[in-house]
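Report on one structure; see the data block that follows.
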Amino acid sequence: MEPLSGRKESLIKHLKESGYLKTPRVMRAFQEVKRELFIPKGMRQHAYADQPLPIGEGQTISAPHMVAMMTELLEPSKGDRVLEVGAGSGYQAAILSRLVKKVYTVELEKNLAEKASRALEKAGYTNVEIRVGDGSGGWKEHAPFDKVMVTCASPEIPQPLVDQLKEGGIMAIPVGGSWQQELIIGRKKNGKLLKERHGGCVFVPLRH
Ligand code: SAH
């Protein structure tokens, strides 16, 4: 069997050629972060297949192309403080942690939050803080944020997340029903979110 390092190289090549990975900084983050640390042991041989994988509690780690696309669209920069809703495995937070100053991530499932926290610690990424709870209310103590990324789907954009986004800030969120959503990128201008559509996607639903 081909070693994981070779599969990782092939995946990154595929993500570049398909246009999901665009900027050198984001490419470097993909090179650096080990996706195998964020998935259950029995599935590690699939770590570099471009597909979502189950992580327990009926939840999934997003497919690498979706992580690449959302990360690029968020235009991460060094000084950013980012809120993520739906830590799941912690992989998306790990990617962001290499690109921004600080990541605050909220996860509804205690079990997943604990696993994610351990994986991030093992990887040595210390600029990520996880809280267990309903992230649709954001994380008031650390607001406002330069960027907000929601990795679970909601029929509408929770207002507290708009309120906690800085003026000029960017939000990425899948909006729609349980089975099919559209990836929306919003930029906050004069207190309102100006929205762009970025195509269909499938995320697990945001729950309360
Ligand atoms: N970003 C994750 C993918 C997570 S899947 C990764 O890189 O692995 C979506 C996650 O959102 C699930 O773990 C689910 O438990 C969580 N979730 C659902 N509703 C939520 C809510 N209201 N607040 C916080 N997390 C939520």
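The values are calculated or read from the model by the stated rules, or taken from the named source; none is laboratory data. Here the structure is a predicted model, which is why all the values come from computation and not from measurement. Because the Cβ atoms are built from the backbone with ideal geometry, glycine has one as well, and the counts that use them run over all protein chains shown. Heads up: the accessible areas ignore ligands, DNA and RNA and are worked out on the full protein's heavy atoms, side chains in. Shrake-Rupley method; radii C 1.70, N 1.55, O 1.52, S 1.80 Å.
What to note about this one:
- Flag if residue 173 is open to solvent by less than 20 Å² (accessible area, probe 1.4 Å), more than 16 Å from the ligand (Cβ to nearest atom) and either modelled with pLDDT of 95 or more or within 18 Å of the chain's Cα centre (by Cα) (or both): no
- The range 181-208, subset under 16 Å from the mean Cα position of the chain (by Cα) and not in a strand (DSSP E or B), residue farthest from the ligand (Cβ to nearest atom): 202
- Wholly enclosed helices (runs of 4 or more DSSP H) of the range 1-115 bearing at least 2 residues modelled with pLDDT under 95: 4-17
- All conditions in (1) open to solvent by 20 Å² or more (accessible area, probe 1.4 Å); (2) touching a Leu at 6+ places or on another chain (Cβ under 8 Å) hold for residue 168, with the sole exception of (2).
- Within the range 73-87, restricting attention to residues that are open to solvent by 10 Å² or more (accessible area, probe 1.4 Å) and within 15 Å of the ligand (Cβ to nearest atom), the residue that is nearest to residue 128 (Cα to Cα) is 86.
- Among residues of the range 93-115, those that are open to solvent by 40 Å² or more (accessible area, probe 1.4 Å) and more than 7 Å from the ligand (Cβ to nearest atom), counted: 7
- Within the range 124-146, being open to solvent by 30 Å² or more (accessible area, probe 1.4 Å), in contact with a helix residue (DSSP H, G or I) (Cβ under 9 Å, 6 or more places away or on another chain) and either among the charged types (D, E, K, R) or under 14 Å from residue 35 (Cβ atoms) (or both) holds for 129, 131, 140.
- Just one of the listed residues (25, 44) is closer than 17 Å to residue 120 by Cα and open to solvent by 60 Å² or more (accessible area, probe 1.4 Å), namely 44.
- Screening the range 56-72 for residues that are more than 17 Å from residue 130 (Cα to Cα) and among the aliphatic types (A, V, I, L, M) and picking the one that is most open to solvent (accessible area, probe 1.4 Å) gives 69.
- Top-ranked residue of the range 119-139 - restricted to ones that are in a helix (DSSP H, G or I) and more than 14 Å from the ligand (Cβ to nearest atom), ranked as nearest to residue 93 (Cα to Cα): 121
- Test: residue in the range 187-195 that is touching a helix residue (DSSP H, G or I) at 6+ places or on another chain (Cβ under 6 Å) and touching a residue at least 60 places away in the same chain (Cβ under 8 Å): no
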